[in-house]
Every structure is written in structure tokens, then in C-alpha cells.
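Written below as C-alpha cells is the structure these notes are about.
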Amino acid sequence: DPKIIQKPKYLVAVTGSEKILICEQYLGHNAMYWYRQSAKKPLEFMFSYSYQKLMDNQTASSRFQPQSSKKNHLDLQITALKPDDSATYFCASSQSPGTQNTEVFFGKGTRLTVV
Amino acid sequence: QQQVRQSPQSLTVWEGETAILNCSYEDSTFNYFPWYQQFPGEGPALLISISSVSDKKEDGRFTIFFNKREKKLSLHITDSQPGDSATYFCAASPNNAGAKLTFGGGTRLTVRP
């Protein structure tokens with residue numbers, strides 16, 4: 001059973017539109033993250049949330065907005081989509097942020113294509 | 001500037017051989033180094049990790065060798081199996097950054113039967 005559920009698995013969007021990527025984790029973790037993987041760049045850290053509060057934001061664009069409605073949810077809203085946003089977006093989680101050698105678990109990803 | 005570098009980009013070995021994957025880093029504050037294995041269509045999965053206080057970590061057929069002075073690591077996969085064919089990512093994080101990981105570009109390993 002997947003413990004980190006990401007929806008949808010594949011997503012095609014039109015340039016300029018808005019989409020929400022869904023993530024739920026059932027590992028009982030307190031911290032959740034978003035990472036992005038594209039053909040041009042290695043896996044990149046985007047955001048970290050701890051106890052539903054933003055801890056770190058490495059995304060320059062305000063078009064990317066995480067939304068945490070529950071402790072085990074961290075959705076990612078992307079507005080004004082551009083073709084360069086095409087990538088696979090991974091949600092991840094860990095037990096306790098700030099703990100040394102914290103193990104991070106990843107979901108299967110949402111593959112976003114912007115046309 | 002890429003903080004974590006991996007080489008080679010791709011590697012092919014025969015079944016039973018030892019695959020050696022290399023990783024180097026720039027940031028001296030990095031002290032935790034997990035290696036992730038990723039199959040096509042899947043998310044990265046933690047394979048093995050090491051902290052900077054150790055110079056070697058072994059788990060079955062997987063061993064990490066760590067050289068802090070040179071800021072280099074290597075992952076050795078002994079008795080390679082076709083099922084080990086995947087992309088392997090070296091990652092790094094500093095002690096006080098929680099789980100914020102900086103990833104290398106990956107090494108795509110193919111094990112031929």
C-alpha cells in the first residue's frame with residue numbers, strides 16, 4: 001500500500017491555466033515537502049512544511065503555493081502555468097524536521113506536462 | 001553551481017560484477033548523505049545513508065565509502081543483479097536543515113544478465 005498518495009499521476013495543462021497537485025501521507029509524519037524533477041535539472045527541493053507551517057521555500061516564483069488543510073495533506077497549487085513548469089513533482093515526508101539524519105520518504109510523483 | 005555531482009551519468013555492468021557510483025560535494029556543512037534508488041515511473045526510495053562521522057557504511061550488497069577530506073563518496077554494489085538496474089541519486093543535507101536534501105544528477109545503472 002502506498003503510504004504517500006499523490007494525485008493525479010499524470011496531468012496535462014494548457015499554458016496560463018491553474019492546477020492543484022494533491023498529496024496525502026499516512027506515515028504519521030510531521031513534516032512534508034515538495035520536490036521537482038525535470039529533464040534539465042536534478043531533483044530540486046521546493047518547500048518544506050512542519051506541523052502545517054511553512055519552514056523553507058526555495059522556489060523563486062510565487063506561482064507555486066503549497067496548501068496544507070490537514071496535518072497529513074500538502075497540496076501544491078500552480079498558477080499561470082508555463083511550458084517550463086513541465087516536470088514530475090514529488091511529495092515527500094519525514095518524521096521530525098530538524099532531527100539529524102532524518103529519513104525522507106517520497107511519493108510516486110505527479111507528472112505535469114504544460115502545452 | 002551544482003552542489004552535488006555524480007559520475008558517471010550512466011554505467012553498464014554484467015551480472016555479478018561490482019558497480020561503483022561516485023559522488024562529490026561542495027558544501028562543507030553537508031554531513032548527512034543518503035543514496036536513493038529510483039525505478040522508472042516511481043519515486044526515489046532510500047537505499048542506504050551515511051553521516052560524516054563514519055567513513056564506511058555497509059548494508060548487504062551496498063556499501064558507501066566516504067572521504068570527508070576530499071568531499072567524496074562512492075556507492076559500491078557488489079554481485080550486481082539485473083533487478084538493480086535503476087537510477088541512483090546521491091543526496092546531501094546539513095545537520096540543521098532537517099530533511100532539505102540537495103540531490104546530484106544521478107547515475108543510470110544497467111546490469112546485463
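Listed values, structure above:
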item	result
Unique match (being more than 14 Å from chain B (Cβ to nearest Cβ), open to solvent by less than 30 Å² (accessible area, probe 1.4 Å) and of a type in the set (A, V, I, L, M, F, W, C)) among A:ILE78, A:ILE20	A:ILE78
Given (1) touching a Leu at 6+ places or on another chain (Cβ under 9 Å); (2) at pLDDT 90 or above; (3) away from every other protein chain (no Cβ under 14 Å), index of the condition A:VAL115 fails	(1)
Scan of region A:40-55 for residues that are facing chain B (nearest Cβ under 8 Å) and out of contact with any Lys or Arg (no Cβ under 8 Å at 6 or more places or on another chain), ordered by number	A:PRO42, A:SER50, A:MET55
Qualifying residues in region B:3-14 (those that are assigned to a strand (DSSP E or B) and within 11 Å of chain A (Cβ to nearest Cβ)) - the one least open to solvent (accessible area, probe 1.4 Å)	B:VAL4
Of all residues in region A:103-112 being within 7 Å of another protein chain (Cβ to nearest Cβ) and open to solvent by less than 10 Å² (accessible area, probe 1.4 Å), the one that is nearest to B:PHE89 (Cα to Cα)	A:VAL104
Region B:15-29, subset under 19 Å from B:PRO82 (Cα atoms) and part of a strand (DSSP E or B), residue nearest to the other protein chains (Cβ to nearest Cβ)	B:LEU21
Residue check, A:SER86 under 15 Å from A:SER38 (Cβ atoms), among the small types (Gly, Ala, Ser), surrounded by 15 or more Cβ atoms within 10 Å (Cβ to Cβ) and away from every other protein chain (no Cβ under 14 Å)	yes
Residues of region A:89-101 classified as facing chain B (nearest Cβ under 10 Å) and in contact (Cβ under 8 Å) with a residue 60 or more places away in the chain, total	8
A:ALA13, sole failed condition from (1) within 14 Å of chain B (Cβ to nearest Cβ); (2) open to solvent by less than 10 Å² (accessible area, probe 1.4 Å); (3) at pLDDT 95 or above	(1)
Close pairs from region A:28-40: first over 18 Å from A:PRO2 (Cβ atoms) and of a type in the set (Phe, Trp, Tyr), partner modelled with pLDDT under 95 and surrounded by fewer than 24 Cβ atoms within 10 Å (Cβ to Cβ), Cβ under 6 Å, at least 6 apart	none
Residues that are farther than 24 Å from A:PHE90 by Cβ and either touching a residue at least 40 places away in the same chain (Cβ under 8 Å) or not in a strand (DSSP E or B) (or both), drawn from region B:30-67	B:SER52, B:VAL53, B:SER54, B:ASP55, B:GLY60, B:ARG61
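Here is a yes/no grid of residues against (1) more than 13 Å from chain B (Cβ to nearest Cβ); (2) on the phi < 0 side of the Ramachandran plot; (3) crowded, with 18+ Cβ neighbours inside 10 Å; (4) in contact with a His (Cβ under 7 Å, 6 or more places away or on another chain):
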{"site": "A:ILE4", "(1), (2), (3), (4)": "no, yes, yes, no"}
{"site": "A:ALA31", "(1), (2), (3), (4)": "no, yes, yes, no"}
{"site": "A:SER38", "(1), (2), (3), (4)": "no, yes, no, no"}
{"site": "A:ASN57", "(1), (2), (3), (4)": "no, yes, no, no"}
{"site": "A:PRO66", "(1), (2), (3), (4)": "yes, yes, yes, no"}
{"site": "A:LYS71", "(1), (2), (3), (4)": "yes, yes, no, no"}
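Matching residues to (1) more than 18 Å from B:PHE39 (Cα to Cα); (2) more than 15 Å from the chain's Cα centre (by Cα); (3) open to solvent by less than 40 Å² (accessible area, probe 1.4 Å):
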| position | (1), (2), (3) |
| --- | --- |
| B:ASP59 | yes, no, no |
| B:SER74 | yes, no, yes |
| B:THR87 | no, no, yes |
| B:PRO94 | yes, yes, yes |
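The values are calculated or read from the model by the stated rules, or taken from the named source; none is laboratory data. If you're wondering where the values come from, they're calculated on a predicted model, not measured in any experiment. Using ideal geometry, Cβ is built from the backbone for each residue, glycine included, and neighbour counts are taken over all protein chains shown. Keep in mind that these areas ignore ligands, DNA and RNA; they rest on the heavy atoms of the full protein, side chains included. Shrake-Rupley method; radii C 1.70, N 1.55, O 1.52, S 1.80 Å.
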